[in-house]
Amino acid sequence: MSYSPYDNGPENSSAPAPHSPRSAAHVLRAHDVGLLVIRLGVGLVVAGRGAQHLFGWWGGLGIDKTAVAFAQFGYPAPKAMAVIAGIAETFGGLALAVGLLTPLAGAAVAGTMANAVAASTPLGYFGGMEFPVLLGVGAVGLALSGAGRISLDAFLPLLRSQRLIYGIAMLVLAAILATVTILLSKT
């Protein structure tokens, strides 16, 4: 008989007792707490970077200097692109942190990080590219897994039970938009 930590029914005599640390309730609680920690870490770091880009907070460039950097990277309409990136980072990061519309927020952050990776490629992986890669991978994982039960999504009927297809659909959209944006910066 195979064992699954999520199968704790009476027909499975090898399943742990409900009070066991391997019971479904304990495993799910650990999963939710782990997702909360990842959401807070990724979301708040990204939101902080977005606030640096938009408002110049915490020693950031602010929107005008961020637009100059975007122009140097070759983006058309650099100020508009800087505003879009700053909004995606700030509000996408905050939404990830609180677990609100997580598939969309994760995809927004992942798409923005794809552009950051493309812009930092000349620096090399350990020259600065690893940071947006890590944030982007975390955002992708959250878009696919959902926010967990300790989130605002838990109160939204459509997102209460995360469906993998929600994350996949949002990530496909983000990949298309990020690809178009990256290609525009190369022309």
For this session: Calculate for the chain the 222 nm mean residue ellipticity that helices alone would give, adding -39,500 (n - 2.57) per DSSP H run of length 4 or more and normalising by residue count, nearest 500 deg cm²/dmol.
Result: -23000 deg cm²/dmol
Exercise. Which angle from 0 to 90°, rounded to the nearest 10, does the C-alpha axis of helix 62-72 make with the longest principal axis of the chain?
Worked result: 70
Exercise. In degrees, nearest 10, range 0 to 90: what is the angle between the Cα axis of helix 102-120 and the longest Cα principal axis of the chain?
Worked result: 40
Exercise. Taking a 1.4 Å probe, which of Val68, Val42 shows the most accessible area, and what order do the others take after it?
Worked result: Val68, Val42
Exercise. What relative contact order, as a whole-number percentage, does the stretch 107-187 give when Cα pairs under 8 Å and 6 or more residues apart are counted?
Worked result: 38
Exercise. Taking the simple approach of a point 7 Å from Cα along Cα-to-Cβ for both Arg22 and Ala80, what is their distance in nm?
Worked result: 5.8
Exercise. Which distance in nm do the two modelled labels at Ile63 and Leu123 give, with both placed 7 Å along the Cα-to-Cβ direction?
Worked result: 2.4
For this session: Could you check which residue among Leu123, Leu135, Leu144 shows the biggest mean-square fluctuation in a GNM of the chain with a 10 Å Cα cutoff?
Result: Leu123
For this session: Between Ala88, Ala154, Ala25, find the one with the highest GNM mean-square fluctuation for the chain; connect C-alpha pairs within less than 10 Å.
Result: Ala25
Problem set entry | Förster radius 22 Å - calculated FRET efficiency between Arg163 and Leu184, Cβ distance, rounded to 0.05 | 0.10
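Relative contact order for the chain: what percent, with Cα pairs under 8 Å and sequence separation of 6 or more?
Value for the chain: 21 percent.
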Exercise. What is the ratio of the Cα radius of gyration of the chain to 2.2 N^0.38 Å, where N is its residue count, to two decimals?
Worked result: 1.21
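The values are calculated or read from the model by the stated rules, or taken from the named source; none is laboratory data. Since the structure is predicted, the reported quantities are computational estimates derived from the model, not experimental observations. In this analysis, Cβ positions are derived from the backbone assuming ideal geometry, glycine residues included, and neighbour counts consider all displayed protein chains. The protein model used for the area step is the full one, side chains on, heavy atoms only, and it has no ligands, DNA or RNA in it. Shrake-Rupley method; radii C 1.70, N 1.55, O 1.52, S 1.80 Å.
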